[in-house]
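In what follows, a structure is listed as structure tokens, so that the remarks can point back to it.
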Amino acid sequence: MLDSVRPALYNKYRAFVIRVANPKKFILLFRNLLSLTLLEKCGIMLEPQEGLASQDVVKAAKMAERLGFGYVLRSDHLLPTSGRRGIDSPECWTTLGAIAVSTSNIKFGPLVSPIGFRNPALLARMALTIHSLSSGRLQLGLGMGWYEDEYRAFGFEFPGFKIRKEQLLEGLKIIHGLTREGYVEFNGKHFYAKAKINSQLANIPLVIGGKSISLVKSASSFADEWNLLAPSKEELFNIKQNLSSGKLISQMGPFIIGEDESEIRRKVVSRMNALSIQSTPEEYLKRLESRNAIIGTPEQFAEKLSDRITWGIEKFYFQTMEPLDEETIALLASTLKEM
């Protein structure tokens, strides 16, 4: 199914790389990307703030690696975003260090770290350290932050959209300078840094997440990849119209896959129980579908993914609330292998 879209993707990147200093190097890079299987370009997205223990984050990462996924990513939240309280919510970067030393091949990272949680110069040092520790497997996702309750609970200011966008843009300048150039001297409205790093420099892939057109216009030049939460076709088109050239587009979003309709319904009920959702399975399924979740049997699932690939989405991160459900994750892996 991918054969028909690979030439279009290659031509898109070729038009970009002929303008860079070393086009042969970049053409080779993108040919290698296109030669990956879909499974290797996809990942599992964990939401540990919803009650997952730290040890389970590591178990899920090891399982994703064993099943052949190219990525395992996790959210960076300090409180459950479902509104529940009194359940486990392990801190993001501590568990990323655990993943680094517990896996061998799979790429990993936050999707995404709010810039308001950590000083950006320190975050750059943290990223470089974990990237080195994992032999170059970290993918750094950054965003503006959105969940006000966790900011207030942990003593962080939560300014309006405009200020949070300014903070992200300043943070990107600092992080990009330190990780790519090894030096930054920046005195902004929100952040200051004058620092030099003598070792561990690396071109850590930088992923920025968000659907705001103003953010896309102002921040996409810093990104290697732009990530969207389950976009509609129209949303994706608007983003692409404003995205800097040569950027990968990825999607993160919920999914449910089952061998037949009865298994899909059973998994819908299981998801509802895991999140303490008070609704009927039919109503919850409609809610998921209205949010562009990918739902279906393996054949239906593959068809929906293929449609999104033709739209221009190149990588998929499948959000799971039950990451240790190996039966479901294995079925997802086998479906992706067949595409």
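The values are calculated or read from the model by the stated rules, or taken from the named source; none is laboratory data. Here the structure is a predicted model, which means the values were calculated and not measured. So basically every Cβ, Gly included, is an ideal-geometry build from the backbone, and we count neighbours across all protein chains shown.
Of the residues LEU236, LEU206, only one is in contact with a Phe, Trp or Tyr (Cβ under 7 Å, 6 or more places away or on another chain), buried (at least 18 other Cβ atoms within 10 Å of the Cβ) and under 18 Å from LEU138 (Cβ atoms); which?
Details: LEU236 fails: under 18 Å from LEU138 (Cβ atoms).
Criteria check complete, one pass: LEU206.
Condition test on LEU201, is it part of a loop (DSSP other than H, G, I, E, B), in contact with a Leu (Cβ under 8 Å, 6 or more places away or on another chain) and not β-branched (Val, Ile, Thr)? Spell out how you get there, then give the answer.
Working: part of a loop (DSSP other than H, G, I, E, B): yes; in contact with a Leu (Cβ under 8 Å, 6 or more places away or on another chain): yes; not β-branched (Val, Ile, Thr): yes.
Spelling it out, LEU201 is indeed part of a loop (DSSP other than H, G, I, E, B), in contact with a Leu (Cβ under 8 Å, 6 or more places away or on another chain) and not β-branched (Val, Ile, Thr).
Return yes or no: is LYS165 modelled with pLDDT of 95 or more and either surrounded by fewer than 19 Cβ atoms within 10 Å (Cβ to Cβ) or more than 25 Å from LEU138 (Cβ to Cβ) (or both)? Spell out how you get there, then give the answer.
On the way: modelled with pLDDT of 95 or more: yes; either surrounded by fewer than 19 Cβ atoms within 10 Å (Cβ to Cβ) or more than 25 Å from LEU138 (Cβ to Cβ) (or both): no.
In short, no.
In the set SER334, SER270, SER250, which member is out of contact with any helix residue (DSSP H, G or I) (no Cβ under 7 Å at 6 or more places or on another chain), under 23 Å from PRO231 (Cβ atoms) and surrounded by 13 or more Cβ atoms within 10 Å (Cβ to Cβ)? Lay out the reasoning, then the answer.
Values: SER334 fails: under 23 Å from PRO231 (Cβ atoms); SER270 fails: under 23 Å from PRO231 (Cβ atoms).
The match here is SER250.
Checking VAL101 against (1) surrounded by fewer than 15 Cβ atoms within 10 Å (Cβ to Cβ); (2) in a loop (DSSP other than H, G, I, E, B), only one condition comes out false. Which one?
If we test VAL101 against (1) surrounded by fewer than 15 Cβ atoms within 10 Å (Cβ to Cβ); (2) in a loop (DSSP other than H, G, I, E, B), just (2) comes out false.
With surrounded by 15 or more Cβ atoms within 10 Å (Cβ to Cβ), assigned to a loop (DSSP other than H, G, I, E, B) and on the phi > 0 side of the Ramachandran plot as the only criterion, which of GLY136, GLY145 stands out?
Values: GLY136 fails: surrounded by 15 or more Cβ atoms within 10 Å (Cβ to Cβ).
One residue alone meets the criteria, GLY145.
Among the residues that make up the range 265-280, is at least one of them more than 18 Å from the chain's Cα centre (by Cα), outside any loop (DSSP other than H, G, I, E, B), closer than 23 Å to GLU65 by Cα and among the aliphatic types (A, V, I, L, M)?
no
Let me spell it out: the conditions are (1) in a helix (DSSP H, G or I); (2) buried (at least 16 other Cβ atoms within 10 Å of the Cβ), and LYS286 meets all of them except one. Which number is the exception?
(2)
Can you tell which of GLU283, GLU259 is among the charged types (D, E, K, R) and modelled with pLDDT of 95 or more? Give the derivation first.
Working: GLU283 fails: modelled with pLDDT of 95 or more.
On inspection, the qualifying residue turns out to be GLU259.
Which residue, of ARG164, ARG118, ARG74, is basic (Lys, Arg) and under 26 Å from ASN198 (Cα atoms)? Can you show your working first?
Numbers: ARG164 fails: under 26 Å from ASN198 (Cα atoms); ARG74 fails: under 26 Å from ASN198 (Cα atoms).
Answer to the check: ARG118.
Looking at CYS92, CYS42, can you tell me which residue is within 14 Å of the chain's Cα centre (by Cα) and more than 29 Å from GLN167 (Cα to Cα)?
Answer to the check: CYS42.
Residue by residue through the range 163-198, note down the ones that are in contact (Cβ under 8 Å) with a residue 60 or more places away in the chain and either assigned to a loop (DSSP other than H, G, I, E, B) or not hydrophobic (A, V, I, L, M, F, W, C) (or both).
The answer is PHE191, ILE197.
Out of all the residues in the range 6-29, is one or more at positive phi and modelled with pLDDT of 50 or more?
Just the residues of the range 6-29 that are at positive phi, to begin with: none.
No: zero hits.
Can you tell me which residues in the range 45-80 are within 20 Å of LEU331 (Cα to Cα), over 14 Å from the mean Cα position of the chain (by Cα) and not in a helix (DSSP H, G or I)?
LEU67, GLY68 - these are the residues of the range 45-80 that are within 20 Å of LEU331 (Cα to Cα), over 14 Å from the mean Cα position of the chain (by Cα) and not in a helix (DSSP H, G or I).
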